[in-house]
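Okay, so here's the structure we're looking at.
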Amino acid sequence: MLKLTGINRKLGDFALEDINLEIPEGQYYVLLGRSGAGKTQLLEMIAGLEHPDNGSIILDNEDITRKKIQDRKIGIVFQDYAVFPHMTVFGNIAYPLKVRKIRKSTIAEKVEKAASAMNIKHLLERNTEKLSGGEKQRVALARTLITSPRLLLLDEPLSSLDASLKDDMKRLLRSLNKAGQTIIHVTHDYSDAVSLAKRVGVIHNGRIIQEGSVDEVFKNPSNRFVARYAGIRNFFSVKIRNDNGIFTGVTKHNVCIKFECENPKPEGLLIIKSDSIYISREMPEKSELNLIKGKITEIIPSRFGRELVIDAGDLFYVNIITSEFETLNLREQQEVWMCFSSKDVVSLHGNL
Amino acid sequence: MNRNSIFTWVLMILSSLVLLFILAPLAGMFIHTGGKEFLETVKDKEVHASVWLTLWVSFAATLFFAAGAIPLAWLLARKNFPLKNMVQGIIDLPVVLPHTAAGIALLGFISRDGFLGKTASLVGLDLVNHPAGIALAMAFVSVPFLINAARDGFASVPERLEKAALNLGASHSKVFFTISLPLAWRSITTGFVMMFARGMSEFGAVVIIAYHPMIAPVLIYERFSSYGLNYARPASVFFILVALLFFIALRLISIKRKEKHITSDAETDRY
């Protein structure tokens, strides 16, 4: 379907570097990255609004790198929707058909069909300046989908919607993809990626730093940046010691963390998910576990219970459910034991 | 009375003085013009011809130059090119030049010895002392108003809308006529009205190019220098009233046009 090879593009101080990407037909591909990572520039390049300095863009075995925007059959929905303010909803959705000089009766028919699919038929006569963000987005989507694009590009489509509209929009995007629409969706939101993507790519400073299925990427993050996206907050730069086949990472504050690894390097980065750490007020007796004593410095209410910040020389972040928190009767400044398996410690390679 | 309100009062008094400075001479002129003299001037065919000439020549000059000024404004708003700042400076030059000097410069260009004058004389047209020459003099000093207003209008159109239109299959010219131009329309109209108004009030450049046929500002000057203030005043009042009427009418048309453009979009698209 879409293949990007060796795409480079310099834009002032920023550059997209060596972008290689292959997206098969019917894919829902989420490109995840912070603002300024180069997501929008990459989308605009695929759409033809920008051109790469070098590299090639192949769509359905056709090189479209220098092809005119109008002939690419790639639809893009911008973050701010770019709904034409001087036209009604009807005028907006009909625009791509009008510029293609399609008969007026056909336009009216197609616009009504597209508006019905997006549940905005009742808004057709309305001025777009009075629409809500969610309605504008549906207008922008209907306007793009009416051209039957081979590939649909979405730039942060959920970023300015409230929670209930977000769920509706996610449902709509999933059903579009189920109907066979290939989608590339860029976002800075990890939860969007998890809930929609079949495949995800993480872009950072103009480079795609990891790519794979959602599980592959977030269960085995290749570096600290990707791990942060997965919500992991426990990162430790360590020197690695081999004690008769048992590997131990020693932090700069001499906290020792046992972990499992095949070929560790002398130095590395260890990460531990906040949910993998168990709290005990007494020292547990299981010796195969990592057992680290620390003092609770902060208790922060969270969605499912509490987040504990524990100072054990290095700071650890631990999630605990409300019932367990109440049973243990935890307070700030209390000393507790943290227990976690060596299997729950991930050693990162590559760019630390 | 608190300190804020004293400050506001000071601002209001200063503002009123400026407004008074503008309105007092005009009001004085209206007050000192007798009804009888004014009615005689209204019936004066020479005054009629002069006012009519001023209006249509300025309007024609604005229309004619808009064809080049609007594309130039779009280029300045959207494209970067070498010496862009210099081009911008050249556009503003007529505003800062003494208008009689502008007239002299233009005369050299459109007289029979000048390039444009020679070219025009090939088709039997002498631009000096001709409405076409007057139009050129008016446009020379007033076209920056249209270019600058239109440029600001195009610059205020989000580029993303143009990109979206391109992505939806529109050609560059279609994007210009269906997106950029309608969205910049209000600024362009303002520039159009400003250019028209500035053109018809021009005296310095026009008097060098064409004393005859007489446009209204030249006629007023001629009556003043030949017969004095009392004779020039009614013609001035009449010209100001006509110009105001024209100015207000153009403003109303442009506002209605914009409203119509927005509200009737669906109907024109569908039927």
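The values are calculated or read from the model by the stated rules, or taken from the named source; none is laboratory data. Please read these numbers as outputs of a predicted model, since none were measured by experiment. Neighbour counts run over all protein chains shown; Cβ positions are idealised from the backbone, glycine included.
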Fill in the blank from the handout: Filtering the range B:231-271 down to residues that are at pLDDT 85 or above and either touching a Ser or Thr at 6+ places or on another chain (Cβ under 7 Å) or under 17 Å from B:L183 (Cα atoms) (or both) yields B:R233, B:P234, B:A235, B:V237, B:F238
Practice task
Give, as residue ranges, the strands (runs of 3 or more DSSP E) completely inside the range A:147-208 that count at least 1 residues that are within 12 Å of the chain's Cα centre (by Cα) and of a type in the set (G, A, S).
Solution key: A:199-204
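Residues checked against (1) buried (at least 24 other Cβ atoms within 10 Å of the Cβ); (2) within 14 Å of chain B (Cβ to nearest Cβ):
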position: A:A15; (1), (2): no, no
position: A:R34; (1), (2): no, no
position: A:N54; (1), (2): no, no
position: A:I57; (1), (2): yes, no
position: A:K67; (1), (2): no, yes
position: A:R72; (1), (2): no, yes
position: A:V99; (1), (2): no, yes
Practice task
Within the range A:74-89, work out how many residues are among the small types (G, A, S) and either under 14 Å from A:I184 (Cβ atoms) or more than 7 Å from chain B (Cβ to nearest Cβ) (or both).
Solution key: 1
Problem - Hey, A:G91 of a type outside the set (A, V, I, L, M), in a loop (DSSP other than H, G, I, E, B) and in the same structural domain as A:G134 (by TED's automatic domain parsing) or not - result: no
Fill in the blank from the handout: Log entry, pairs with first residue in the range A:263-284 being under 19 Å from A:R303 (Cβ atoms), second being β-branched (V, I, T) and surrounded by 12 or more Cβ atoms within 10 Å (Cβ to Cβ), beta carbons closer than 7 Å, six or more apart or on different chains, reads A:K273/A:I232; A:S274/A:V318; A:I277/A:V318; A:I279/A:V318; A:I279/A:I320; A:I279/A:V336
Practice task
Quick one: A:M338 ticks every box in (1) touching a Leu at 6+ places or on another chain (Cβ under 8 Å); (2) surrounded by fewer than 17 Cβ atoms within 10 Å (Cβ to Cβ); (3) aliphatic (A, V, I, L, M); (4) at pLDDT 90 or above except a single one, so which number is it?
Solution key: (2)
Exercise for the section: Answer yes or no: is there a residue in the range A:64-86 that is touching a Phe, Trp or Tyr at 6+ places or on another chain (Cβ under 9 Å), outside any helix (DSSP H, G or I) and under 27 Å from A:K113 (Cβ atoms). Expected result: yes
Exercise for the section: Could you list all residues from the range B:117-148 that are without any contact (Cβ under 8 Å) to a residue 60 or more places away in the chain and within 21 Å of the chain's Cα centre (by Cα)? Expected result: B:A132, B:P144, B:F145
Exercise for the section: Return yes or no: is A:I93 buried (at least 22 other Cβ atoms within 10 Å of the Cβ), more than 9 Å from every other protein chain (Cβ to nearest Cβ) and touching a Lys or Arg at 6+ places or on another chain (Cβ under 7 Å)? Expected result: yes
Completion exercise
In the set A:E324, A:E332, the lone residue that is assigned to a loop (DSSP other than H, G, I, E, B) and either surrounded by fewer than 15 Cβ atoms within 10 Å (Cβ to Cβ) or touching a residue at least 60 places away in the same chain (Cβ under 8 Å) (or both) is A:E332
Fill in the blank from the handout: Per the list (1) more than 19 Å from A:S347 (Cβ to Cβ); (2) in contact with a Lys or Arg (Cβ under 6 Å, 6 or more places away or on another chain), residue check on A:I232 breaks on (1)
Exercise for the section: With respect to A:V250, determine if the residue is over 22 Å from A:M45 (Cβ atoms), surrounded by fewer than 20 Cβ atoms within 10 Å (Cβ to Cβ), of a type in the set (V, I, T) and not assigned by TED's automatic domain parsing to the domain that holds A:V309. Expected result: no
Exercise for the section: Go through the range A:211-235 and count every residue that is within 22 Å of A:P157 (Cα to Cα) and in contact with a helix residue (DSSP H, G or I) (Cβ under 6 Å, 6 or more places away or on another chain). Expected result: 3
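Here is a yes/no grid of residues against (1) at pLDDT below 90; (2) surrounded by 18 or more Cβ atoms within 10 Å (Cβ to Cβ); (3) in contact with a Pro (Cβ under 6 Å, 6 or more places away or on another chain); (4) among the acidic types (D, E):
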residue	(1), (2), (3), (4)
A:A227	yes, yes, yes, no
A:F236	yes, yes, no, no
A:N242	yes, no, no, no
A:I257	no, yes, no, no
A:E260	yes, no, no, yes
Practice task
Specify the residue that is farthest from the other protein chains (Cβ to nearest Cβ); the eligible residues are those in the range B:171-184 that are crowded, with 18+ Cβ neighbours inside 10 Å and assigned to a helix (DSSP H, G or I).
Solution key: B:F176
Fill in the blank from the handout: In the range A:147-171, residues that are among the hydrophobic types (A, V, I, L, M, F, W, C) and within 14 Å of chain B (Cβ to nearest Cβ) total 4
Practice task
Tell me which residues, restricted to the range B:36-66, are over 17 Å from B:N129 (Cβ atoms) and more than 18 Å from the chain's Cα centre (by Cα).
Solution key: B:K36, B:E37, B:F38, B:L39, B:E40, B:T41, B:V42, B:K43, B:D44, B:K45, B:V47, B:H48
Completion exercise
Apart from one, (1) buried (at least 23 other Cβ atoms within 10 Å of the Cβ); (2) within 14 Å of chain B (Cβ to nearest Cβ) all hold for A:G38; the odd one out is (2)
Practice task
Pull up the range B:143-170, narrow it to residues that are outside any helix (DSSP H, G or I) and at the interface with chain A (Cβ under 7 Å from one of its Cβ atoms), then point me to the one that is surrounded by the fewest Cβ atoms within 10 Å (Cβ to Cβ).
Solution key: B:G169
Practice task
Quick one: B:L14 ticks every box in (1) free of Cβ contacts under 8 Å to residues at least 24 places away in the same chain; (2) touching an Asp or Glu at 6+ places or on another chain (Cβ under 8 Å) except a single one, so which number is it?
Solution key: (2)
Exercise for the section: Run down A:S175, A:S159, A:S222 and say which single residue is among the hydroxyl-bearing types (S, T, Y), at negative phi and without any contact (Cβ under 8 Å) to a residue 40 or more places away in the chain. Expected result: A:S175
Handout entry: Number of the condition not met by A:L43 [criteria: (1) within 14 Å of another protein chain (Cβ to nearest Cβ); (2) surrounded by 22 or more Cβ atoms within 10 Å (Cβ to Cβ); (3) over 26 Å from A:S195 (Cα atoms)]
Key = (3)
